[in-house]
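Asks: Supplied in structure tokens, the structure appears directly below.
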Amino acid sequence: MTGFDSHMRAALAQARAAGARGEVPVGAVIVSPQGTVISADGNRTRERNDPTAHAEILCIRAACAALGSERLVGHDLYVTLEPCPMCAAAIAFARLRRLYYGAADPKSGGVAQGPRIFAQPQCHHAPEVYDGIAARESEALLRAFFARLR
């Protein structure tokens, strides 16, 4: 397995763990320019009673704390679902180099759907974006989670 594949596999593992906790199964990892995972987490909005505790936000917070910086220049984010507008804005503010995501989110996405945060003139930084990475697996986790709720 290449580093690229293994990083999305790590995000999927975080998504599965989030689903097992009763959270919407979204997982993320932030990777250094050298390919080292700096932070990894899954959604924790219910656990923390915090609507901002999305996987991406938790990873950005942890990576910034670990590096002692509010910027993650040169770092990459892997996430199983297209980031929402809040997370897309945080990605831009953190100055992440690349965003890799799995499933598209037509309902709540903020990158290729909806407000398309990175395309707005108010957005001062846009990462390179690569979508559809392990999309089928990401979609299957989400479908199974929501089917159990119905």
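Asks: Given all pairs of different Cα atoms, what value in angstroms does the Kirkwood hydrodynamic radius of the stretch 13-109 take?
Replies: Kirkwood radius, the stretch 13-109: 13.1 Å.
Asks: So for H7, H124, what's the accessible-area order with a 1.4 Å probe, most first?
Replies: Largest accessible area first, the list is H124, H7.
Asks: Ok, one more. Identify, among A66, C84, G102, the residue whose Cα sits farthest towards the positive end of the charge dipole of the stretch 63-106, taking +1 on the Cβ of Lys and Arg and -1 on the Cβ of Asp and Glu, with the dipole about the Cα centre.
Replies: Result: A66.
Asks: May I pose another question? For the stretch 57-133, with equal point scatterers placed on the C-alpha atoms only and solvent neglected, what are the log10 I(q)/I(0) values from the Debye formula at q = 0.18, 0.21, 0.24 1/Å, to two decimals?
Replies: -0.64, -0.87, -1.11
Asks: Let me ask you something else. Report, in debye and to the nearest 20, how large the dipole of the chain comes out about its Cα centre when Lys and Arg carry +1 and Asp and Glu carry -1 on their Cβ.
Replies: For this selection, approximately 280 debye.
Asks: Angle between the Cα long axis of helix 85-94 and the longest principal axis of the chain, 0 to 90 degrees, nearest 10?
Replies: Its long axis makes an angle of about 30 degrees.
The values are calculated or read from the model by the stated rules, or taken from the named source; none is laboratory data. Here the structure is a predicted model, which is why all the values come from computation and not from measurement. Cβ: placed from backbone, ideal geometry, glycine included. Neighbour counts: every protein chain shown. The accessibility values were calculated without ligands, DNA or RNA, using every heavy atom of the protein model including side chains. Shrake-Rupley method; radii C 1.70, N 1.55, O 1.52, S 1.80 Å.
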